[in-house]
Amino acid sequence: GLGPSEFETSERVALAKRTLRVLMVGQVLASAGFASSVAVGVLVAKDLLGGDTFAGASGAAVTVGGAVASLLLAGVMAARGRRPGLVLGYGVAMIGALIIVFGAQQRSFAVFILGSLLFGQAQGANQLARYAAADLAPADQRASYISNLLFASTFGGVLGPLLVGPAQRVGAALGLWKLTGPYIVAIGFFAVA
(Lines give C-alpha, C1' and ligand atoms only; values in the text may rest on other atoms or scores of the structure.)
Protein backbone atom coordinates (compact mmCIF):
# COMPACT_ATOMS: atom_id res chain seq x y z
CA GLY A 1 0.00 0.00 0.00
CA LEU A 2 0.86 3.66 -0.07
CA GLY A 3 2.71 5.19 2.85
CA PRO A 4 1.19 8.25 4.62
CA SER A 5 3.19 10.85 2.66
CA GLU A 6 2.55 9.11 -0.66
CA PHE A 7 -1.19 9.01 0.13
CA GLU A 8 -1.23 12.71 1.00
CA THR A 9 0.61 13.48 -2.23
CA SER A 10 -1.82 11.47 -4.38
CA GLU A 11 -4.79 13.10 -2.61
CA ARG A 12 -3.28 16.54 -3.16
CA VAL A 13 -2.69 15.84 -6.86
CA ALA A 14 -6.28 14.62 -7.25
CA LEU A 15 -7.56 17.74 -5.46
CA ALA A 16 -5.38 19.96 -7.64
CA LYS A 17 -6.70 18.35 -10.84
CA ARG A 18 -10.32 18.61 -9.68
CA THR A 19 -9.79 22.26 -8.69
CA LEU A 20 -8.21 22.98 -12.07
CA ARG A 21 -11.23 21.51 -13.90
CA VAL A 22 -13.64 23.59 -11.80
CA LEU A 23 -11.60 26.74 -12.34
CA MET A 24 -11.41 26.10 -16.10
CA VAL A 25 -15.20 25.81 -16.38
CA GLY A 26 -15.52 28.98 -14.32
CA GLN A 27 -13.03 30.77 -16.59
CA VAL A 28 -14.87 29.80 -19.76
CA LEU A 29 -18.21 30.97 -18.38
CA ALA A 30 -16.99 34.14 -16.66
CA SER A 31 -14.85 35.16 -19.64
CA ALA A 32 -17.73 34.54 -22.05
CA GLY A 33 -20.11 36.61 -19.92
CA PHE A 34 -17.56 39.36 -19.53
CA ALA A 35 -16.59 39.47 -23.22
CA SER A 36 -20.17 39.48 -24.52
CA SER A 37 -21.09 42.36 -22.22
CA VAL A 38 -18.02 44.47 -22.86
CA ALA A 39 -18.66 44.02 -26.59
CA VAL A 40 -21.99 45.88 -26.28
CA GLY A 41 -20.95 48.32 -23.53
CA VAL A 42 -19.73 50.94 -25.98
CA LEU A 43 -23.00 50.66 -27.93
CA VAL A 44 -25.01 51.19 -24.74
CA ALA A 45 -22.86 54.19 -23.77
CA LYS A 46 -23.12 55.69 -27.26
CA ASP A 47 -26.90 55.38 -27.19
CA LEU A 48 -27.20 56.84 -23.69
CA LEU A 49 -24.98 59.79 -24.63
CA GLY A 50 -26.39 60.32 -28.11
CA GLY A 51 -22.92 60.31 -29.68
CA ASP A 52 -19.45 58.82 -29.79
CA THR A 53 -17.54 61.37 -27.72
CA PHE A 54 -17.45 59.52 -24.38
CA ALA A 55 -18.66 56.09 -25.49
CA GLY A 56 -15.29 54.57 -24.56
CA ALA A 57 -15.87 55.56 -20.94
CA SER A 58 -17.68 52.28 -20.36
CA GLY A 59 -14.59 50.26 -21.30
CA ALA A 60 -12.40 52.52 -19.20
CA ALA A 61 -14.71 52.08 -16.20
CA VAL A 62 -14.62 48.29 -16.57
CA THR A 63 -10.81 48.37 -16.78
CA VAL A 64 -10.48 50.59 -13.71
CA GLY A 65 -12.94 48.34 -11.86
CA GLY A 66 -10.86 45.28 -12.77
CA ALA A 67 -7.64 46.92 -11.59
CA VAL A 68 -9.17 47.98 -8.27
CA ALA A 69 -10.71 44.53 -7.90
CA SER A 70 -7.33 42.86 -8.30
CA LEU A 71 -6.00 44.81 -5.33
CA LEU A 72 -9.05 44.38 -3.12
CA LEU A 73 -9.68 40.72 -3.97
CA ALA A 74 -6.01 39.86 -3.45
CA GLY A 75 -6.34 41.20 0.09
CA VAL A 76 -9.47 39.13 0.70
CA MET A 77 -7.77 36.05 -0.71
CA ALA A 78 -4.70 36.56 1.47
CA ALA A 79 -6.88 36.82 4.57
CA ARG A 80 -9.65 34.32 3.84
CA GLY A 81 -8.61 32.13 0.88
CA ARG A 82 -9.05 32.00 -2.87
CA ARG A 83 -12.67 30.80 -2.92
CA PRO A 84 -14.11 33.68 -0.85
CA GLY A 85 -12.21 36.15 -3.03
CA LEU A 86 -13.52 34.65 -6.26
CA VAL A 87 -17.07 34.49 -4.92
CA LEU A 88 -16.85 38.13 -3.83
CA GLY A 89 -15.46 39.24 -7.20
CA TYR A 90 -18.13 37.49 -9.24
CA GLY A 91 -20.83 38.55 -6.76
CA VAL A 92 -19.89 42.23 -7.03
CA ALA A 93 -19.76 41.88 -10.82
CA MET A 94 -23.31 40.47 -10.75
CA ILE A 95 -24.48 43.49 -8.75
CA GLY A 96 -22.66 45.70 -11.26
CA ALA A 97 -24.49 44.02 -14.14
CA LEU A 98 -27.83 44.64 -12.42
CA ILE A 99 -26.90 48.31 -11.93
CA ILE A 100 -25.89 48.54 -15.61
CA VAL A 101 -29.25 47.12 -16.69
CA PHE A 102 -31.07 49.52 -14.35
CA GLY A 103 -29.01 52.49 -15.58
CA ALA A 104 -29.61 51.57 -19.21
CA GLN A 105 -33.34 51.12 -18.67
CA GLN A 106 -33.51 54.47 -16.82
CA ARG A 107 -31.33 56.13 -19.50
CA SER A 108 -28.79 57.20 -16.85
CA PHE A 109 -25.20 57.27 -18.07
CA ALA A 110 -23.88 57.93 -14.55
CA VAL A 111 -25.61 54.83 -13.15
CA PHE A 112 -24.40 52.81 -16.16
CA ILE A 113 -20.78 53.87 -15.46
CA LEU A 114 -21.12 53.04 -11.75
CA GLY A 115 -22.33 49.57 -12.72
CA SER A 116 -19.46 49.23 -15.18
CA LEU A 117 -16.93 49.94 -12.41
CA LEU A 118 -18.44 47.13 -10.35
CA PHE A 119 -18.79 44.86 -13.38
CA GLY A 120 -15.01 45.09 -13.84
CA GLN A 121 -14.65 42.98 -10.69
CA ALA A 122 -15.25 39.94 -12.90
CA GLN A 123 -12.04 40.62 -14.79
CA GLY A 124 -10.11 40.95 -11.54
CA ALA A 125 -11.56 37.67 -10.28
CA ASN A 126 -10.73 35.93 -13.58
CA GLN A 127 -7.13 37.04 -13.38
CA LEU A 128 -6.75 36.01 -9.74
CA ALA A 129 -8.20 32.57 -10.44
CA ARG A 130 -4.85 31.73 -12.04
CA TYR A 131 -3.20 31.88 -8.64
CA ALA A 132 -5.82 29.55 -7.22
CA ALA A 133 -4.83 27.03 -9.88
CA ALA A 134 -1.16 27.43 -9.05
CA ASP A 135 -1.70 27.09 -5.28
CA LEU A 136 -2.47 23.38 -5.34
CA ALA A 137 -0.50 22.41 -8.43
CA PRO A 138 2.59 20.27 -8.03
CA ALA A 139 5.62 22.58 -8.18
CA ASP A 140 6.76 21.24 -11.55
CA GLN A 141 3.28 21.74 -13.09
CA ARG A 142 2.35 25.26 -11.91
CA ALA A 143 3.05 26.86 -15.27
CA SER A 144 0.95 24.21 -16.99
CA TYR A 145 -1.99 24.78 -14.63
CA ILE A 146 -1.84 28.53 -15.18
CA SER A 147 -1.63 28.10 -18.96
CA ASN A 148 -4.70 25.82 -18.85
CA LEU A 149 -6.65 28.64 -17.19
CA LEU A 150 -5.36 31.16 -19.72
CA PHE A 151 -6.52 28.86 -22.52
CA ALA A 152 -9.94 28.49 -20.89
CA SER A 153 -10.33 32.26 -20.53
CA THR A 154 -9.30 32.73 -24.17
CA PHE A 155 -11.92 30.20 -25.23
CA GLY A 156 -14.51 32.09 -23.18
CA GLY A 157 -13.34 35.39 -24.66
CA VAL A 158 -13.93 34.05 -28.17
CA LEU A 159 -17.26 32.44 -27.25
CA GLY A 160 -18.62 35.56 -25.54
CA PRO A 161 -19.09 37.80 -28.59
CA LEU A 162 -20.78 34.89 -30.39
CA LEU A 163 -23.41 34.94 -27.64
CA VAL A 164 -24.33 38.61 -28.11
CA GLY A 165 -27.19 37.90 -30.55
CA PRO A 166 -28.83 35.17 -28.44
CA ALA A 167 -28.29 37.23 -25.28
CA GLN A 168 -29.99 40.23 -26.88
CA ARG A 169 -32.99 38.00 -27.58
CA VAL A 170 -33.01 37.02 -23.89
CA GLY A 171 -33.08 40.70 -22.91
CA ALA A 172 -35.90 41.45 -25.34
CA ALA A 173 -37.86 38.40 -24.13
CA LEU A 174 -37.61 39.79 -20.58
CA GLY A 175 -39.03 43.10 -21.75
CA LEU A 176 -35.68 44.89 -21.44
CA TRP A 177 -33.65 46.88 -23.92
CA LYS A 178 -32.01 44.19 -26.05
CA LEU A 179 -28.49 45.56 -25.50
CA THR A 180 -28.83 44.75 -21.79
CA GLY A 181 -29.36 41.05 -22.57
CA PRO A 182 -25.64 40.18 -22.49
CA TYR A 183 -25.44 41.61 -18.96
CA ILE A 184 -28.37 39.42 -17.89
CA VAL A 185 -26.66 36.35 -19.36
CA ALA A 186 -23.38 37.37 -17.70
CA ILE A 187 -25.13 37.33 -14.31
CA GLY A 188 -26.04 33.68 -14.85
CA PHE A 189 -22.52 32.82 -16.02
CA PHE A 190 -20.92 34.56 -13.03
CA ALA A 191 -23.27 32.75 -10.67
CA VAL A 192 -22.15 29.40 -12.05
CA ALA A 193 -18.48 30.43 -12.13
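For this structure, a couple of remarks:
- Principal-axis tilt of helix 181-192 within the chain, Cα atoms, nearest 10 degrees: 20 degrees
- The relative contact order of the chain comes to 35 percent, based on Cα pairs under 8 Å that sit 6 or more residues apart.
- For the options 69, 79, 97, a Gaussian network treatment of the chain with springs between C-alpha atoms closer than 10 Å singles out 79 as fluctuating the most.
- Helix axis angle, 109-119 relative to the chain longest principal axis, alpha carbon, degrees: 10 degrees
- Counting only Cβ charges, +1 for Lys and Arg and -1 for Asp and Glu, the dipole size of the chain around its Cα centre is about 220 debye.
- In degrees, nearest ten, helix 121-136 long axis to first principal axis of the chain (Cα): 10 degrees
- Calculated FRET value between residue 60 and residue 98, using beta carbons and R₀ = 22 Å, to 0.05: 0.60
- When +1 charges are put on Lys and Arg Cβ atoms and -1 charges on Asp and Glu Cβ atoms, the dipole computed for the stretch 1-88 relative to its Cα centre reaches about 220 debye.
- With a simple spin-label model that places each label point 7 Å from the Cα along the Cα-to-Cβ direction, the separation between residue 140 and residue 68 comes to 4.5 nm.
- For the chain, built as a Gaussian network whose Cα springs stay under 10 Å, the top-fluctuating residue of 102, 119, 54: 54
- Taking 106, 121, 168 as the candidate residues, the one with maximal mean-square fluctuation in a Gaussian network model of the chain, Cα springs under 10 Å, is 106.
- Selected from 112, 151, 67, residue furthest toward positive end of dipole (the chain; charges at beta carbon): 112
- Gained length - residue 18 relative to residue 39, 0.36 nm times residue gap less alpha-carbon distance: 4.4 nm
- Solvent-accessible surface ranking, highest first, for 140, 52, 47 at 1.4 angstrom: 140, 52, 47
- Where (1) 29, 16, 15; (2) 36, 16, 13; (3) 25, 20, 15 are the candidate values, the label of the one calculated here for semi-axes √(5λ) of the Cα gyration tensor in Å is (2).
- Spin-label model distance (nm) - residue 78 vs residue 53, 7 Å beyond Cα toward Cβ: 4.2 nm
- Once you reduce the stretch 138-193 and the stretch 49-83 to the center of their Cα atoms, the two points are 16 Å from each other.
- Residue-averaged 222 nm ellipticity for the chain, from DSSP H runs of 4+ at -39500 (n - 2.57), nearest 500: -29500 deg cm²/dmol
The values are calculated or read from the model by the stated rules, or taken from the named source; none is laboratory data. Every value quoted in this text rests on a predicted model; they were computed, and no experiment measured them. Glycine gets a Cβ as well: all are built from the backbone with ideal geometry, and neighbour counts include every protein chain shown. Surface accessibility is based on the protein's heavy atoms, side chains included, excluding ligands, DNA and RNA. Shrake-Rupley method; radii C 1.70, N 1.55, O 1.52, S 1.80 Å.
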